[in-house]
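Encoded as structure tokens, the structure appears first; notes follow it.
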Amino acid sequence: MDDSRQIQLPLVWLITAVGVTIYGMIQIFTYLAHAGAQEATPPLNFTAAQVWTIAAFYGAWVIPALLALIERRVAHWASLILGGILVVLTTLAGVFDGIRDGGHLVVLVLLAVTLPGAAATALSWRRLRAA
């Protein structure tokens, strides 16, 4: 496999990770805007374990891209499975948040996470079949 095709899959997974980050920022801003409009901003009290869990979840988005760089079949399977799970979980959470906080979040999660995540999953599957 030539270099440009080899880097294509990790790049698509990284684009999905950037989309997740953008979605997360806009989701937080939307929450704060709604809370500010109500004039009584509820406190965001997170425990240390919750902060670490959130950081681990967003940090895990880099793992499918790193696994896609490894030229072993088990790494390709792990990239496909982990990336697919992350895409599904983020899409479901985004749709739930969009129903609660505004329809623009549903559109955003579909465009920024689900669309590139589906492309990355399809490319991962194509690479597995070609191997």
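The values are calculated or read from the model by the stated rules, or taken from the named source; none is laboratory data. Computed from a predicted structure; not experimentally measured. Side chains included, ligands, DNA and RNA excluded: accessible areas come from the protein's heavy atoms. Shrake-Rupley method; radii C 1.70, N 1.55, O 1.52, S 1.80 Å.
Some values worked out for this structure:
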quantity	calculated
Sole exception among (1) under 12 Å from the mean Cα position of the chain (by Cα); (2) open to solvent by less than 20 Å² (accessible area, probe 1.4 Å); (3) not hydrophobic (A, V, I, L, M, F, W, C) for Pro10, by number	(1)
Residue tally, condition over 11 Å from the mean Cα position of the chain (by Cα), small (Gly, Ala, Ser) and modelled with pLDDT of 95 or more, over the stretch 80-117	0
